[in-house]
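Asker: Below are the structure tokens for one structure; questions will follow.
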Amino acid sequence: MKNLKGSWSGRLVDVGGFEGTVSLSLREGRGVVDGVFDAALDGHHRPIPLRGLVAGRLKGAQLSLRLDLGEKGAPVSVTFEGDVFDTRRGEVGVCGRYVVAARRSSPLLGGVISLRQASPLGRGPDLLTRSTVATVLGAAGEPIAARAARTRARRKK
Amino acid sequence: MSISGQWEGKLIDVTGVTATVQLALKEARGRVEGDFALYFVPQSEGACCQADRRLAQAGPVVGRYNAKSKTLNIDYTLTVGLKPASVHLDAALRDAHPHAKQSLLGCYRVSSGEADLTLEGGGIVLWQFQ
């Protein structure tokens, strides 16, 4: 069984067209999981924040989480079912689908969430970006690695 | 509901890479054939998914569709240099009203390959608008 304890970050895409960033802080013991869910949905003048507590179970590689959002009298319940897996780089990822039950209008209708566990070794996203773009050529035949270097230089400015 | 036709949407990999996806599917008696194109979306600020996207992968796919459970399974084998890698997608069909006519929600995994492929595994949402 995987150790889910720690910080997770990733993205969600909703069938309603919304996208956003997701971060999860999880605790896990004997298959019982709980933690804090944070998301920010893009596509607006300012991101829509979503924050709540999650609780669920881990059975083998299958993770089930329930998240309660919304207000009193207008609850929004999000149920997530996903698979935990090892990436070929030795990291741990989760991907799964969520469904939403809401009494009133909710920006979330249902969708997918993809998350990566923060590495205890502190492997930075910059290193990951470099290794992941190394095999791809751009549309104009330009190596993506060269383009990534330009992007990094731009970010530093 | 049929899954044949044009689909477009988004891919989010656990590595943080995002991409837009176009998929044309033809389904008959549960057998699915199609073609896809994957375009990486730059993570830089101000980048637009259409203007700055770059074709990363395109090719034919085959799979199975279960109309009863509304689930789709697709396999794709690609070669990076001389090294093969396989990609498996499990998706489910669901209503996407009012954003689109219907959607496919799924997760894919890249496996059984030593190729230095950009993607590891993650989620896909595809929409059919017509």
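The values are calculated or read from the model by the stated rules, or taken from the named source; none is laboratory data. These numbers were taken from a predicted model, which means no experiment stands behind them. Methodologically, a virtual Cβ is constructed for each residue, glycine included, from the backbone with ideal geometry; neighbour enumeration extends over all protein chains shown.
Asker: Yes or no: A:V94 β-branched (V, I, T), in a strand (DSSP E or B) and within 14 Å of another protein chain (Cβ to nearest Cβ)?
Answerer: yes
Asker: Can I ask one more? State yes or no: is B:L104 of a type in the set (A, V, I, L, M, F, W, C) and at pLDDT below 95?
Answerer: Spelling it out, it is not the case that B:L104 is of a type in the set (A, V, I, L, M, F, W, C) and at pLDDT below 95.
Asker: Within segment B:1-19, how many residues are part of a strand (DSSP E or B), of a type in the set (S, T, N, Q) and within 11 Å of chain A (Cβ to nearest Cβ)?
Answerer: 1
Asker: While we're looking at this one, here's another question. Filter segment B:63-92 for residues that are over 15 Å from the mean Cα position of the chain (by Cα) and hydrophobic (A, V, I, L, M, F, W, C); which is surrounded by the fewest Cβ atoms within 10 Å (Cβ to Cβ)?
Answerer: That would be B:L82.
Each row is one residue, and each column tells you yes or no for (1) outside the structural domain of A:R11 (by TED's automatic domain parsing); (2) within 20 Å of B:K10 (Cβ to Cβ); (3) modelled with pLDDT under 95.
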position	(1), (2), (3)
A:S23	no, yes, no
A:R30	no, no, yes
A:R51	no, no, yes
A:L65	no, no, no
A:E71	no, no, yes
A:D83	no, yes, no
A:L115	no, yes, no
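Asker: Let me ask something else. Kindly indicate whether A:R97 is of a type in the set (K, R), in contact (Cβ under 8 Å) with a residue 12 or more places away in the chain and under 23 Å from B:I124 (Cα atoms).
Answerer: Yes; evaluated as a whole, the condition is true for this residue.
Asker: Output the number of the condition that A:R89 fails; it satisfies all remaining conditions of (1) touching a residue at least 40 places away in the same chain (Cβ under 8 Å); (2) more than 9 Å from every other protein chain (Cβ to nearest Cβ); (3) part of a loop (DSSP other than H, G, I, E, B).
Answerer: (2)
Each row is one residue, and each column tells you yes or no for (1) modelled with pLDDT of 95 or more; (2) more than 10 Å from every other protein chain (Cβ to nearest Cβ); (3) not in a strand (DSSP E or B).
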residue: B:G34; (1), (2), (3): yes, yes, no
residue: B:Y76; (1), (2), (3): no, yes, no
residue: B:T79; (1), (2), (3): no, yes, no
residue: B:L126; (1), (2), (3): yes, no, no
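Asker: May I pose another question? Quick check: is even one residue across segment A:15-22 without any contact (Cβ under 8 Å) to a residue 12 or more places away in the chain and touching an Asp or Glu at 6+ places or on another chain (Cβ under 8 Å)?
Answerer: Within segment A:15-22, none of the residues are without any contact (Cβ under 8 Å) to a residue 12 or more places away in the chain and touching an Asp or Glu at 6+ places or on another chain (Cβ under 8 Å).
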